[in-house]
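Chemist: If you scroll down you'll find the structure; I have some questions about it.
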Amino acid sequence: MTIDQMTTQLQTALARLQEDYDTLQAEHEKALMALATLQALKYSSLRLTGAMDLKQMLEDILAVIFELMPATDAQVFLYVGEELFFGARVTDGRSYEQPITPPRKHGITYTAAVTGETVIVEDLRHHPLFEGRENATSPLLAGALIGVPLKIGPHVAGVMIVGFEEPRSFTQQEIDIAELFGMQAAIAIENARLYKQSQQNAAEVEAKRQQDRLYYEELNRTKDMLMDMLSHDLRNPINVIKGFVYILRQHGRLDDELGRDALDTIQRGADQMAELLKDLLDLAKLETGLALTLETVSLNHLLEKISDENQAAARQKNIILSSGRSTPDVEFAVDLRRMRQVLANLVSNAIKYTQDGGHVDMEGMYTDDRIKIVVRDNGFGIPESDLPRLFEKFYRVKSGAHAEVDGTGLGLAIVKEIVEQHGGLIQVESTLGVGSTFTIDLPRR
Ligand code: ADP
């Protein structure tokens, strides 16, 4: 074999070897890509399964990058409003203690975010976007970097920066890998956002359900009380009336004492029913939110009138009913008929729930923008446990001396409704055995 022939043969063998090497190299790159994809998929499926600690997820994603390329530092910045903030960071294991440098509005990170394009810088020291940062000590900023916008559809949620200590050139494959991990980070961010939103929605739905439940409980309670009232407060007087009408018919006695008692009782029963129906209808009307007819009235005049109208009832129980005048007098705007109803209700309650010989005081006060009217008695008082529900429809105190007094349990509900329609508040303070104080507080307008 001549030298020439030998050279040719060697050249052929070398060329074949080169070919084999290229094939192997391509296979190797393919394998790397496949590995990266697998890793990325692994993390994205991990994220879908639950725990929603975004920072941890991003760190997991970044950590895999170090297995695939000789990066020294990887960081994620996230948009909060218009600004990018630090989200997560992983370094190559060496300890880089430098603080995270916040991205500059016209630096590399914002450029990737604003353009939505991957930024590749092979030598940071000679890059215009890097000007002014030459003295930074972060390894991220020392040599080269790839900046990948984290896109969810057209929307950019943040930027991933993969940094290298030394200037270097990147293969297409490395860029592909960085972009692939950028996609994974974007998915993690989106998942975390959706998760947070679903948690929030769940909380909102739960709050609404809770509200509805309270509403239905309240409705149910009103219904129970209504049934209670119908079966007791309405049936009692009906039975009484029926019983006495029967006696009168049987004995035909209308002119002796028994006959007069019977008629009195019938009258009381009928009055009680009439009052209950009146209150019920009144409350129903109020609850539909009828408009108030406002007029200007004098506070002292109003209190005097209520006092006059209730003197007879007070005298029957030897109760002293007094009304303190506010000096000087003041005028304010109210629906007079409704406000008289409020005060009449409070005063007649005070008389009803005070023992013989007690006293009931009314008092008017005002400031620049509020009017206060107080109705105070030294009567039975109200057990503390009854106070929170006192203004509910049909609610009555059932204990002690209260049990002896007739009523519908609607008066205070009506009072509260009217006061609130005036934009005011009603409060009660009471001590059992000492007395009660009801205060209404109204805007003067
Ligand atoms: P009622 O028709 O039973 O008087 P209200 O709604 O006016 O209904 O009052 C509810 C309950 O509040 C009454 O049953 C009574 O026990 C209590 N109450 C109201 N005002 C007073 C008061 N001034 N002193 C003591 N208890 C009162």
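Chemist: So in region 359-377, with the set limited to residues that are more than 17 Å from Gln427 (Cβ to Cβ) and within 14 Å of the ligand (Cβ to nearest atom), which one is most open to solvent (accessible area, probe 1.4 Å)? Full working, then the answer.
Modeler: Just the residues of region 359-377 that are more than 17 Å from Gln427 (Cβ to Cβ), to begin with: 359-360, 368-369.
From the residues that got through so far, the ones that are within 14 Å of the ligand (Cβ to nearest atom) too are 359-360.
Values: His359: 79, Val360: 0 Å².
This residue is His359.
Chemist: Looking only at region 288-302, decide whether some residue is away from the ligand (no atom under 13 Å from the Cβ), without any contact (Cβ under 8 Å) to a residue 12 or more places away in the chain, open to solvent by 50 Å² or more (accessible area, probe 1.4 Å) and under 29 Å from Ile241 (Cβ atoms). Before the answer, list the steps.
Modeler: Looking only at region 288-302, we keep the residues that are away from the ligand (no atom under 13 Å from the Cβ), and these are 288-302.
Keeping just the survivors that are without any contact (Cβ under 8 Å) to a residue 12 or more places away in the chain gives 288, 290-291.
Restricting the remaining residues to those that are open to solvent by 50 Å² or more (accessible area, probe 1.4 Å) gives 288, 290-291.
Still in the running and under 29 Å from Ile241 (Cβ atoms): none.
Looking for residues that are away from the ligand (no atom under 13 Å from the Cβ), without any contact (Cβ under 8 Å) to a residue 12 or more places away in the chain, open to solvent by 50 Å² or more (accessible area, probe 1.4 Å) and under 29 Å from Ile241 (Cβ atoms), one finds none in region 288-302, hence no.
Chemist: Restricting attention to region 130-151, which residues are at pLDDT 75 or above and open to solvent by 40 Å² or more (accessible area, probe 1.4 Å)?
Modeler: Start the filter on region 130-151 by keeping residues that are at pLDDT 75 or above, which leaves 143-151.
Lys151, the sole residue that qualifies.
Chemist: Note down all Cβ pairs under 7 Å where the first residue falls in region 390-412 and is more than 13 Å from Asp233 (Cβ to Cβ), the second is more than 7 Å from the ligand (Cβ to nearest atom) and part of a loop (DSSP other than H, G, I, E, B), and they're at least six residues apart or on different chains.
Modeler: Between residues of region 390-412 that are more than 13 Å from Asp233 (Cβ to Cβ) and residues that are more than 7 Å from the ligand (Cβ to nearest atom) and part of a loop (DSSP other than H, G, I, E, B), the close pairs are Val397/Pro383; Ser399/Pro383; Leu412/Phe391.
Chemist: Here's something else I'd like to know. Of the conditions (1) in a helix (DSSP H, G or I); (2) open to solvent by less than 70 Å² (accessible area, probe 1.4 Å); (3) among the aliphatic types (A, V, I, L, M), Met160 clears all except one; give me its number.
Modeler: Among (1) in a helix (DSSP H, G or I); (2) open to solvent by less than 70 Å² (accessible area, probe 1.4 Å); (3) among the aliphatic types (A, V, I, L, M), the lone unmet condition for Met160 is (1).
Chemist: Which of the residues that make up region 395-404 are in a loop (DSSP other than H, G, I, E, B) and more than 7 Å from the ligand (Cβ to nearest atom)?
Modeler: Initially, region 395-404 is screened for residues in a loop (DSSP other than H, G, I, E, B), giving 395-399.
The answer is Lys398, Ser399.
Chemist: Let me ask another. Mind counting the residues in region 97-129 that are surrounded by 15 or more Cβ atoms within 10 Å (Cβ to Cβ), modelled with pLDDT under 90 and over 16 Å from Leu78 (Cα atoms)?
Modeler: 3
Chemist: From Met57, Met69, which residue is surrounded by 15 or more Cβ atoms within 10 Å (Cβ to Cβ), modelled with pLDDT under 90 and in contact with a Leu (Cβ under 9 Å, 6 or more places away or on another chain)?
Modeler: On the way: Met69 fails: in contact with a Leu (Cβ under 9 Å, 6 or more places away or on another chain).
Selected residue: Met57, the only one of Met57, Met69 that is surrounded by 15 or more Cβ atoms within 10 Å (Cβ to Cβ), modelled with pLDDT under 90 and in contact with a Leu (Cβ under 9 Å, 6 or more places away or on another chain).
Chemist: Sticking with this structure for a sec: From the list Ala344, Ala350, Ala333, exactly one residue is small (Gly, Ala, Ser), in contact with a strand residue (DSSP E or B) (Cβ under 9 Å, 6 or more places away or on another chain) and modelled with pLDDT of 95 or more. Which is it?
Modeler: Going through Ala344, Ala350, Ala333 in turn, just one is small (Gly, Ala, Ser), in contact with a strand residue (DSSP E or B) (Cβ under 9 Å, 6 or more places away or on another chain) and modelled with pLDDT of 95 or more: Ala350.
Chemist: If you don't mind, there's one more thing I want to ask. Which pairs turn up if I take residues in region 196-218 that are in contact (Cβ under 8 Å) with a residue 12 or more places away in the chain and look for partners that are surrounded by 10 or more Cβ atoms within 10 Å (Cβ to Cβ) with beta carbon separation below 8 Å, at least 6 apart in sequence or on another chain?
Modeler: Partner pairs satisfying both residue conditions: Lys196/Met52.
Chemist: Restricting attention to region 421-440, and to residues there that are within 13 Å of Met339 (Cβ to Cβ) and open to solvent by 20 Å² or more (accessible area, probe 1.4 Å), which single residue is nearest to the ligand (Cβ to nearest atom)? Break it down into steps so the answer makes sense when it comes.
Modeler: Here is the first cut: in region 421-440, the residues within 13 Å of Met339 (Cβ to Cβ) are 421-424, 426, 440.
Checking which are open to solvent by 20 Å² or more (accessible area, probe 1.4 Å) leaves us with 421, 423, 426.
Details: Gln421: 17, Gly423: 21, Ile426: 11 Å.
Across region 421-440, the extreme among qualifying residues is Ile426.
Chemist: Hey, another quick one. Give me a count of the residues in region 252-292 that are within 39 Å of the chain's Cα centre (by Cα), of a type in the set (Gly, Ala, Ser) and outside any helix (DSSP H, G or I).
Modeler: The qualifying residues number 2.
Chemist: For Asp441, work out the one condition from (1) in contact with a helix residue (DSSP H, G or I) (Cβ under 9 Å, 6 or more places away or on another chain); (2) farther than 21 Å from Thr293 by Cα it doesn't fulfil.
Modeler: All conditions are met except number (2).
Chemist: Something else: Hey, among the residues in region 378-394 that are acidic (Asp, Glu) and within 9 Å of the ligand (Cβ to nearest atom), which one's least open to solvent (accessible area, probe 1.4 Å)? Working first, answer last.
Modeler: Filtering region 378-394 down to residues acidic (Asp, Glu) leaves 384, 386, 392.
Filter once more, keeping what is within 9 Å of the ligand (Cβ to nearest atom): 386, 392.
On the way: Asp386: 20, Glu392: 40 Å².
Selected residue: Asp386.
Chemist: Do you know which residues across region 251-276 are out of contact with any Ser or Thr (no Cβ under 8 Å at 6 or more places or on another chain), within 22 Å of Leu410 (Cβ to Cβ) and open to solvent by less than 90 Å² (accessible area, probe 1.4 Å)? Break it down stepwise before answering.
Modeler: Within region 251-276, the first condition is being out of contact with any Ser or Thr (no Cβ under 8 Å at 6 or more places or on another chain), and the residues that meet it are 251-274.
Narrowing further to those that are within 22 Å of Leu410 (Cβ to Cβ): 267-274.
Those that are out of contact with any Ser or Thr (no Cβ under 8 Å at 6 or more places or on another chain), within 22 Å of Leu410 (Cβ to Cβ) and open to solvent by less than 90 Å² (accessible area, probe 1.4 Å): Gly269, Ala270, Asp271, Gln272, Met273, Ala274.
The values are calculated or read from the model by the stated rules, or taken from the named source; none is laboratory data. No experiment lies behind these values; they were computed from the predicted model shown. Here Cβ is always computed from backbone atoms with ideal geometry, including for glycine, and neighbour counts include all displayed protein chains. Only protein heavy atoms, including side chains, enter the accessible area calculation; ligands, DNA and RNA are left aside. Shrake-Rupley method; radii C 1.70, N 1.55, O 1.52, S 1.80 Å.
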